[in-house]
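In what follows, a single structure is set out as structure tokens and then discussed.
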Amino acid sequence: MKKHYFLLAIILLTSCGVKQTQNLLSSGNYDEAINNSISNLRTNKDKKGNQDYVYLLEEAFAKAKERDLNTINLLEKDKNPANFEKIYNTYLQLNNRQEKIKPLLPLKLLNEGRNAIFPLENYNNQIVASKNNLSGYLYANAKSLLSTSDKMNFRKAHDDLNYLNQINPNYKNTLDLMNEALFKGTDYVNVNTKNETNMVIPSRLQNDLLDFDTYGLNNKWTVFHGTKQKGINYDYTMVISFREILLSPEQIKEKEFIKERQIKDGQKKLLDANGKEIKDNSGNVVMVDNLRNVTVRIFESRQLKSCQITAKVDYINFRNNQLIQSFPLVSEFVFENVYATYKGDKRASDDNYFSYFDKRAVPFPSNDQMIYDTGENLKMKLKDLINKNTFRN
């Protein structure tokens with residue numbers, strides 16, 4: 001009975017697969033129908049139950065080939081250079097489709113006593129010719145774009161040249177032109193800081209803020225420089241203005257409290273109401289946890305010091321010195337050290353509190369160190385701000 005259900009399940013699955021492939025074929029999704037058919041024929045192409053897929057593959061291949069050749073014929077008659085890419089890719093598609101089917105050939109049609117018909121062509125000459133046409137078009141178009149003064153054109157030229165280098169490596173001076181397009185299409189941003197507070201900003205913090213190599217922000221079309229470089233025409237300036245630095249006084253807060261807790265302290269014999277030992281079925285005395293209440297008096301000290309930096313980030317057009325947009329930036333850092341002593345049984349305290357008993361008072365960080373540590377957090381917020389707010393819309 002199980003074997004019967006198993007065979008029925010296989011028949012139903014095959015029927016669904018054939019139906020799905022037929023639907024793809026009838027809706028013009030020829031290549032999907034081809035892929036479905038190949039997938040089912042790959043394991044056992046001569047299986048009688050797979051004959052439907054052979055017929056579907058034969059029909060889908062013929063229709064896909066006819067459609068592609070008609071498309072190429074129409075595009076070639078149009079004589080528009082912008083069609084070169086489509087022509088080239090269509091020839092590749094014709095060739096790739098054949099290569100998918102070749103490993104399965106010959107495919108038999110058992111009822112007709114013949115092999116399925118797949119007219120295979122050699123498209124090498126057409127592929128090479130269409131690739132050369134496309135290469136020439138991409139190259140000429142990129143050079144034309146590079147002769148303009150528009151950064152968006154330079155970026156488009158770079159994309160075209162990159163594609164050209166993929167399909168036709170080392171074509172003329174493509175790599176040199178790609179480097180030129182990358183340089184011309186890049187936005188260069190000069191970054192500097194401004195201290196508007198009445199405090200000294202640690203030079204280490206200013207250097208770190210301007211070390212954009214550590215930010216991981218540079219991308220294909222935007223490069224940040226903390227120091228101006230020769231030969232670079234900057235597009236934007238980013239100014240990080242420190243507006244206010246607030247430092248709290250060093251504080252030590254002390255408190256005393258008592259904790260009580262019931263703990264397990266070994267085991268004891270289980271007794272009944274009359275004080276007699278209770279035994280289990282084997283005659284052994286039943287042992288239970290010995291619970292008792294313990295108390296501890298805790299003397300806690302908490303060292304605290306905080307720093308807050310308020311800043312402003314301005315995006316400025318370098319060429320006309322016009323403000324593009326401004327963003328507030330606030331960062332805070334809190335130094336905290338908690339330590340404690342006790343009298344009594346420390347097991348009465350919470351388990352996660354034990355570590356405080358091993359700590360002692362430590363020197364408070366200097367103001368410079370507090371400002372620097374706050375600046376590290378400021379740096380992360382600055383990175384997030386730049387990622388969310390581009391210079392060019």
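The values are calculated or read from the model by the stated rules, or taken from the named source; none is laboratory data. On a predicted model such as this, the values are computed, not experimentally measured, just so you know. Glycine also receives a Cβ, built like all others from the backbone with ideal geometry; neighbour counts cover every protein chain displayed. Only protein heavy atoms, including side chains, enter the accessible area calculation; ligands, DNA and RNA are left aside. Shrake-Rupley method; radii C 1.70, N 1.55, O 1.52, S 1.80 Å.
A few notes on this one:
Per-residue answers, yes or no, for (1) out of contact with any strand residue (DSSP E or B) (no Cβ under 7 Å at 6 or more places or on another chain); (2) in a strand (DSSP E or B); (3) within 22 Å of Y339 (Cα to Cα):
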| residue | (1), (2), (3) |
| --- | --- |
| R292 | no, yes, no |
| T295 | no, yes, yes |
| I298 | no, yes, yes |
| S301 | no, yes, yes |
| Q308 | no, yes, no |
| K312 | no, yes, no |
| I316 | no, yes, no |
| N321 | yes, no, no |
| Q325 | no, yes, no |
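- Cross-chain or 6+ apart pairs with Cβ under 7 Å, region 162-181 first and under 19 Å from V128 (Cα atoms), then open to solvent by 40 Å² or more (accessible area, probe 1.4 Å) and of a type in the set (A, V, I, L, M, F, W, C): N165/L175
- In the condition set (1) open to solvent by 60 Å² or more (accessible area, probe 1.4 Å); (2) assigned to a helix (DSSP H, G or I), L177 is compliant with all but (1).
- Scanning region 334-376 for residues that are open to solvent by less than 60 Å² (accessible area, probe 1.4 Å) and under 18 Å from D208 (Cα atoms) returns M370, I371, Y372, D373, T374, G375.
- Residue that is farthest from the chain's Cα centre (by Cα) [pool: residues in region 99-120 that are open to solvent by 30 Å² or more (accessible area, probe 1.4 Å) and of a type in the set (A, V, I, L, M, F, W, C)]: L110
- Those residues of region 229-256 which are assigned to a loop (DSSP other than H, G, I, E, B) and surrounded by 12 or more Cβ atoms within 10 Å (Cβ to Cβ), in sequence order: I232, Y234, D235, S248, E250
- Some residue of region 67-77 being within 30 Å of N162 (Cα to Cα), aliphatic (A, V, I, L, M), free of Cβ contacts under 8 Å to residues at least 24 places away in the same chain and open to solvent by 50 Å² or more (accessible area, probe 1.4 Å): yes
- N96 being more than 14 Å from I34 (Cα to Cα), modelled with pLDDT of 95 or more and surrounded by fewer than 14 Cβ atoms within 10 Å (Cβ to Cβ): no
- Residues in region 201-225 that are in contact (Cβ under 8 Å) with a residue 60 or more places away in the chain and over 27 Å from the mean Cα position of the chain (by Cα): I201, P202, R204, L205.
- Condition broken by N274, with the remaining ones in (1) within 30 Å of N192 (Cα to Cα); (2) assigned to a loop (DSSP other than H, G, I, E, B); (3) among the polar types (S, T, N, Q) satisfied: (1)
- Of the listed requirements (1) exposed (fewer than 15 other Cβ atoms within 10 Å of the Cβ); (2) part of a strand (DSSP E or B); (3) of a type in the set (D, E), D384 misses just one: (2).
- Pairs linking a residue in region 24-48 that is under 20 Å from N111 (Cα atoms) to a residue that is among the aromatic types (F, W, Y), with Cβ atoms under 8 Å and 6 or more positions apart or on different chains, are S37/Y53; N40/Y53; L41/Y53.
- Residues being within 20 Å of A64 (Cα to Cα) and among the charged types (D, E, K, R) - total across region 101-115: 1
- Candidates I101, I117, filtered to the one that is in contact (Cβ under 8 Å) with a residue 40 or more places away in the chain and part of a loop (DSSP other than H, G, I, E, B): I117
- Within region 121-148, tally of residues that are surrounded by fewer than 17 Cβ atoms within 10 Å (Cβ to Cβ) and outside any helix (DSSP H, G or I): 4
- Residues being under 56 Å from the mean Cα position of the chain (by Cα) and either of a type in the set (D, E) or farther than 30 Å from K346 by Cα (or both) - total across region 262-305: 3
- Of the residues making up region 260-274, not a single one is open to solvent by 30 Å² or more (accessible area, probe 1.4 Å), of a type in the set (G, A, S) and under 30 Å from F318 (Cβ atoms).
- Any chance L217 is aliphatic (A, V, I, L, M) and either loosely packed, with under 15 Cβ neighbours inside 10 Å or in a helix (DSSP H, G or I) (or both): no
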